[in-house]
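Nothing in this text is a laboratory measurement; each read-out follows from the coordinates by a stated rule. The structure displayed is predicted, hence computed values, not measured ones. Note that each Cβ is placed from the backbone with ideal geometry, even for glycine, and that neighbours are counted across all protein chains shown.
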2 protein chains.
Amino acid sequence: MNRREFGRRALGGAAAFAFPGGRLLQAPALRVDGERINAHLAALAEVGKNPQGGVSRVAYTEADLRGRELAMGWMREAGLEVGADLAGNLVGRRPGRDASLKPLLLGSHIDSVPEGGNYDGDVGSLSAIEVARSLSAAGVTLRHPLELLIFQNEEGGTLGSHAISSGVPAAELDRVSQSGKTMREGIRFLGGNPDRLEEARRAPGSIAGYLELHIEQGGRLDEAKIPIGVVLGIVGIRHWDVTLEGFANHAGTTPMNRRRDALLVAAQCIQAVNRIVKSEPGRQVGTVGKLRVEPGAYNVIPGRVVFGLELRDLDDARVLHFYRLIRAEFERLARAGGTTIGFQETLASVPALTDPGIRRAIAAAAKGLGLATMALPSGAGHDAQELARIGPVGMIFVPSVGGISHSPKEFSRPADITNGANVLLHTLLALDAG
Amino acid sequence: MNRREFGRRALGGAAAFAFPGGRLLQAPALRVDGERINAHLAALAEVGKNPQGGVSRVAYTEADLRGRELAMGWMREAGLEVGADLAGNLVGRRPGRDASLKPLLLGSHIDSVPEGGNYDGDVGSLSAIEVARSLSAAGVTLRHPLELLIFQNEEGGTLGSHAISSGVPAAELDRVSQSGKTMREGIRFLGGNPDRLEEARRAPGSIAGYLELHIEQGGRLDEAKIPIGVVLGIVGIRHWDVTLEGFANHAGTTPMNRRRDALLVAAQCIQAVNRIVKSEPGRQVGTVGKLRVEPGAYNVIPGRVVFGLELRDLDDARVLHFYRLIRAEFERLARAGGTTIGFQETLASVPALTDPGIRRAIAAAAKGLGLATMALPSGAGHDAQELARIGPVGMIFVPSVGGISHSPKEFSRPADITNGANVLLHTLLALDAG
């Protein structure tokens, strides 16, 4: 669809005449249709639905394709010019009044983890579509061009947004995704071209801003009964594999005081992580989520244990500060337990801070809608952290009941989702005006 | 070979005339040929030898069959009438002077764990053969009939001695052994008949006694530099699977104080086992040797942990005493950590005490040979614990260097093995005389 055709469709309907010339005379009164967002969420939940609840709409599967088809239909209904970039991200465009301005971007994702929930990604994607539709319905044309992005394979490593922001290394393309396809095969499956990914990349400074609405996936807003979170940034994440080597011996014949039990030392290390991470105020988190014992029998003293250590904070210097404390304590415990210890870093993802101006715009939009806000970090990774490499980003959180995510039990209340979408709409209007 | 033929062979040679009528006039001077035992150990070590050292002569494999062939040859050279019972145990017989007496038994095994050592089982089996050969060479005929048993599949659950003492349940016969064959197939592979196992069983009270020489598989004798261990009994062993259920949640978005981390509680439990088992004097041991984390990812708080708890002591009441203390502490820790806990007993093997009279005979034999002794429990299971169900048993231990066993690094000094075999010989002579 060319721009002329697009304009005709977007301006069709009665609402267009209420705001002639697209000026925002009555913009503060604009509201999304919350019922439609929640109806779309329910419709999308049918695609890849699990018998036991929740959804498995894993990137590069048939369910993913069907979800994208559904979203593209809604994007067209919202008056967007719909296509896909060479990385397989869905893109909906709406021209602005000033073609010389850089675009404002809205986005999120609709792929899920295996046996995931119906809110992670979907809330932000379908709310962004509704925001575009509300603008179209009201005949509002922004100053900036508007782009709506539904990034592919967020759950498998923010692959689509990675392609846009900094490019995807060849090794990553050969990695097998949760679908069983390699990333390369997956991109082709979605209609992208893995050999021309560079063309999907956008230059730093090429966007006016990026906004993403998302469920919190934590329990802070729900616990505090605050409807809107203003995200300070996406935490940095580092992973290490920690290996303890003791001595595997007969559990029946080796006295308690003659053992070099790698699991006993690992147990002390696991408690040390919890103790050290909690020893200072702040929102840092530290987790031991995986652990393997060798040889692994009732009657053999563990000779070798490998476990995963994860640390997250909004400040990478603090991640490294806690790592230093933990490592020193691990080394002390390993020595005391007659074991040796090794560390291997397997992931280093630096924090991505949101733009202070956009944070203020989100808070003001919420205030204008009579909604209380809380500033908080995002403990989870998001496409926004990739977009932060090329321009200012902002994120809006809505409450997750009980803080549950990546689970069929994931739930956000319809009213909270509608509030979030209205904050998204009015933040966009403010950024466009500013 | 019938008994008449056997008698001719056993009494053939010059030594027979030195002790006419088989009387033990010069018995205290009798000694085994230690060089031969150690040469046989070296020859057996070639069968199923691993490239990286040690041996994998797992029951019901080709290597096991070849080892048995070798042992049968040596048993025949020792003047024994050699056959196998319906369970596949090798049996060597030598008649006594008084056919009305119950037999005295010597025995052990020659199967190994995968990547095991060259001493566990082999030392006792080849020493018993040498004891029989020494008697033959010296023309000594005991009052009691003598039987030498090489039990099949000791390492896979003392299967052969189980068949003799109390029978093997059908379910056990269907279990797959380390060889890949079921126990049933394995018995057939050795020439036994799994459908007629009952005929291999021996009635309680049907034996005069059973003696087994074995490496300690622990470090007590080696540490104390004492050459002979008088075994007090074989410890009882109980196993439990302990399941902790917390809540699997996002490791990035769930604050430290909102977690129900099953692995963090498991870590506290592992330390509690160590603390409680060491809190009282004694030789009890407690081990957590296996542990599984679910879902098991860097970035997911462990929702479920299953681990194995093993407790051993010579007194089953003490095993249960420590279990009660540990269980109460686990339940307290589980509650405090926001998790639920479940226990399932998966093994209950009661202790088997050795006969006080045989213990005294071992100690006296060692003293007669100028060898110091230490009384100690066996922390490992042995065929002797099965034989204890049908008659008085005794066990002699020789030192394991560094206490290492079930490992290619397993080692016992040739001189210690020779000493052990001489104690075995003289204990047998004392029991026969007594």
Connecting C-alpha atoms closer than 10 Å in a GNM of chain B, tell me which of B:Val393, B:Val32, B:Val47 has the biggest fluctuation.
B:Val47
Can you tell me what share of the DSSP beta bridges in the protein assembly as shown is antiparallel? A percent to the nearest 5 is fine.
70
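Give me the extension gain from A:Arg175 to A:Ser206: residue separation times 0.36 nm, minus the current Cα-Cα distance, reported in nm with one decimal. Walk me through the intermediate numbers first.
Values: separation 31, 0.36 × 31 = 11.16 nm, distance 2.95 nm.
Going from the current span to full extension adds 8.2 nm.
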Just to confirm the numbers: B:Asp195, label point 7 angstrom along the Cα-Cβ line, distances to the other copies in nm, shortest first?
6.7
For the rotation that superimposes chain A on chain B, which residue of A has the C-beta lying nearest to the axis, and at what distance in Å?
A:Ala267, 2
Taking 60 Å as R0, compute the FRET efficiency from the Cβ-Cβ separation of A:Leu347 and B:Val350 and round it to 0.05.
0.75
Does anything in segment A:143-163 have its amide N under 18 Å from the 7 Å Cα→Cβ label point of A:Leu65, and if so which residues?
A:152-153
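Could you sort out which of B:Lys181/B:Lys290; B:Lys290/B:Lys409; A:Lys290/B:Lys409; A:Lys49/A:Lys181; B:Lys225/B:Lys367; B:Lys102/B:Lys181 sit more than 27 Å apart by Cα distance in this structure? Mind dumping the intermediate values first?
Working: B:Lys181/B:Lys290 25 Å; B:Lys290/B:Lys409 23 Å; A:Lys290/B:Lys409 31 Å; A:Lys49/A:Lys181 21 Å; B:Lys225/B:Lys367 16 Å; B:Lys102/B:Lys181 36 Å.
Flagged as over cut-off: A:Lys290/B:Lys409; B:Lys102/B:Lys181.
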With just the Cα atoms defining each centre, how far is segment B:168-227 from segment B:84-154? Give it in Å.
13
With bins of 10 Å, the percent of all Cα-Cα pairs of chain B per bin from 0 is 5, 20, 28, 23, 13, 7, 3, 1, 0
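Rounded to the nearest 0.05, what FRET efficiency do A:Ala42 and A:Met374 give with R0 = 25 Å and r taken as the Cβ-Cβ distance? Could you check?
On the way: r = 28 Å, r/R0 = 1.12.
Rounded to the nearest 0.05, the efficiency is 0.35.
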Among the complete DSSP H segments of chain B, which ones combine at least 27 Å of alpha-carbon extent along their axis with a mean Kyte-Doolittle hydropathy of -1.0 or more?
B:316-336, B:414-433
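Quick one: length gained pulling A:Asp241 to A:Ala433 fully straight, 0.36 nm per residue minus the C-alpha distance?
Details: separation 192, 0.36 × 192 = 69.12 nm, distance 4.86 nm.
Full extension from A:Asp241 to A:Ala433 adds 64.3 nm.
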Placing a label point 7 Å from Cα toward Cβ, how far apart in nm is B:Lys225 from its equivalents in the other copies, listed shortest first to one decimal?
7.7
So, in nm and shortest first, the distances from A:Pro281 to its counterparts in the other copies, with label points 7 Å along Cα→Cβ, work out as 5.2
What does the extension gain come out to for B:Met256 and B:Arg76, with contour length at 0.36 nm per residue minus their alpha carbon separation?
57.8 nm
Along Cα→Cβ, 7 Å out, is where each label goes; now give me the distance between the ones at A:Ser100 and B:Lys102 in nm to one decimal.
11.0
Nearest 500 deg cm²/dmol is fine: what mean residue ellipticity at 222 nm does chain B get from its DSSP H runs of n ≥ 4 alone, each adding -39,500 (n - 2.57), divided by its residue count?
-11000 deg cm²/dmol
Across segment A:236-349, what fraction of all alpha-carbon pairs, as a whole percent, falls in each successive 10 Å bin from zero upward?
15, 45, 27, 11, 2
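If I take R0 = 22 Å and measure r between the Cβ atoms of B:Arg360 and B:Ala224 in this structure, what FRET efficiency does the formula 1/(1 + (r/R0)^6) give, to the nearest 0.05? Please report the intermediate quantities before stating the final value.
Working: r = 21 Å, r/R0 = 0.94.
The pair B:Arg360/B:Ala224 has a calculated efficiency of 0.60.
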The answer for the net charge of residues other than B:Gly391 whose Cβ lies under 12 angstrom from its Cβ, with Lys and Arg +1 and Asp and Glu -1, is 0
Using the Cα centre as the reference, give the magnitude of the dipole from point charges on the C-beta atoms of the protein assembly as shown (Lys, Arg: +1; Asp, Glu: -1; all else neutral), rounded to the nearest 20 debye.
1020
